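One structure is given below, encoded as structure tokens.
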Amino acid sequence: MAKPIVAVVGRPNVGKSTLVNRLAEQREAIVHESRGVTRDRSYHTTDWNGREFVLVDTGGIESAKSKDTFAPRIREQALIACQEADAIVFVVDGTVGLTDEDEEVARVVRRSKKPVFLVVNKIDDPGRELSTWDFYTLGVGEPRPLSASHGHGTGDLLDDVVAALPPEVEDELVEEDDTLNVAIIGRPNVGKSSLTNRLVGHDRSIVSDVAGTTRDAVDVVVERGDQRFRLVDTAGMRKKSQVHEDVEYYSMVRGLMAMDRAEVCLLVVDSTVGVTEQDQKLATMAIERGCALVICLNKWDLMDTEQKRENVVASFERRLGFASWIPLVRISALTGRSCDRALEVARQAAKARASRVQTSKLNNIMDEIRQSGHTVVHKARRLKVSYATQANTCPPTFTLFCNAPDLVDDNYERFIENRLRERLELVGTPIRLKFRRKD
């Protein structure tokens, strides 16, 4: 049985993300004093007294007259969260009092016909008398004072929320989760959210022409055949020197955390620009973290001349020539061209990342390398590799036993890597080589 869902809603800047972090006992949702930081809905698994459920953090619901460019789409995301939720936590600001925007949110949650818990947040002194009569007029139940930042009242809230959730049903024996974690990364405004929405089949993430629209790392699970993919749409990552806002800094941190959890990274590149220096840095970050990697050349439908297509490929060879093992997929998130193929290539890259090579096959390859005579010689010393074995997977890690590891240089290491890639199915995955003294 799927975990029950609890949506946390309210107008902007009432402390929804702070409450989500408090209830989930994590710091996944971005919190900032600025208004409207959260835009897409984000999901956070938690439990209380042994009952697991999912908290959904939503953007602030504003009046239909709001001048904020993103307000209508943030509202739509919050409405979807209310529709799919089993219970709703409606947050208001106790330091401000009742506002027209609170009444607007109340109309939304009343229409949902779900259990609603009205939380009056920012009551940091539990002994303080709170005038709650105004909030009764919202018509969504009894107001309960709470402090998300200090935790006052959260235990009682969780007791009541869990009691209102649907009865727990015993699951049958569940097979081990084989969901493939895929992080969709790239610079701002290259089409990451558009690709996510295309793969999901509906508007899971807000899309606009404004760079930096996505802020939180938004995850969703999709299925293709018998394979489940957990897609994480990350915020665009720029050079550190160009990150001036705290919110963007936290978004970048969330993106890096998503890469740490990922098995495969889809690096989305704007074909109209080509592979940039920042794309090169993002690819290096993924490789350093041991992630399999696939380059998605987005907006390929705009490459209407042979010269444009050649320029894109040339930029790849110039910037990422050191990692020619990374597969390229030419896609268009707008038209849907080859988007599903990107997932299939990601699956193949993940398979290569988890592969294990027989020691006998590995040493046959090393015998061929020895017979070729290619090695490193320094004065009277000559490098001799005796045998090799695979020490680990994810990514594949090979240990080569030799007489003088100190003689190994970058050129020889690249030579060995290239010979291994020629003979083994290692497309899309980085590999690690470790040289150890034979004795």
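The values are calculated or read from the model by the stated rules, or taken from the named source; none is laboratory data. Not measured: the values here are computed from a predicted model. Counting neighbours? That spans all protein chains shown, and the Cβs are built from the backbone with ideal geometry, glycine included. Surface areas here come from the heavy atoms of the whole protein model, side chains and all, with no ligands, DNA or RNA. Shrake-Rupley method; radii C 1.70, N 1.55, O 1.52, S 1.80 Å.
Extension gain for R318 to S360 (0.36 nm times residue separation, less C-alpha to C-alpha distance): 11.5 nm. Going by Cα centres, segment 336-356 and segment 258-293 are how many Å apart? Using only Cα atoms to place each centre, the spacing works out to 15 Å. Measuring nothing but how far apart in sequence close Cα pairs (under 8 Å, 6+ apart) lie, relative to its length, segment 255-306 scores a relative contact order of 48 percent. Per-residue SASA remark: E310, around 90 Å² accessible (1.4 Å probe; ligands, DNA and RNA not included).
Against the criterion of solvent-accessible heavy-atom surface with a 1.4 angstrom probe, M259, M285 sort, most first, into M285, M259. Set the Förster distance to 60 Å, then compute FRET efficiency between K281 and A164 from the Cβ-Cβ distance, nearest 0.05. For R0 = 60 Å, the calculated efficiency reads 0.80.
Averaging 1/r over each pair of different alpha-carbon atoms in segment 257-361 and inverting the result gives 14.5 Å, the Kirkwood hydrodynamic radius. Placing pseudo-labels 7 Å out from each Cα toward the beta carbon at D340 and Y387 gives an inter-label distance of 4.7 nm.
Full extension of the chain segment joining N311 with R51 gains 88.1 nm, where the gain is 0.36 nm per residue of separation less the Cα-Cα distance.
Neighbours of L267, meaning other residues whose beta-carbon lies under 12 angstrom from its beta-carbon, give a summed charge of +2 when Lys and Arg score +1 and Asp and Glu score -1.
Take segment 283-392 with all the other protein chains still there, run a 1.4 Å probe, and you get 54 Å² of accessible area per residue.
The 1.4 Å probe gives accessible areas that order Y43, Y387, largest first, as Y387, Y43. Ranking F415, F90 by solvent-accessible area of protein heavy atoms (1.4 Å probe, all protein chains present), from largest to smallest, gives F415, F90. In this view, the solvent-accessible surface of D410, computed with a 1.4 Å probe and all protein chains in place, comes to about 100 Å².
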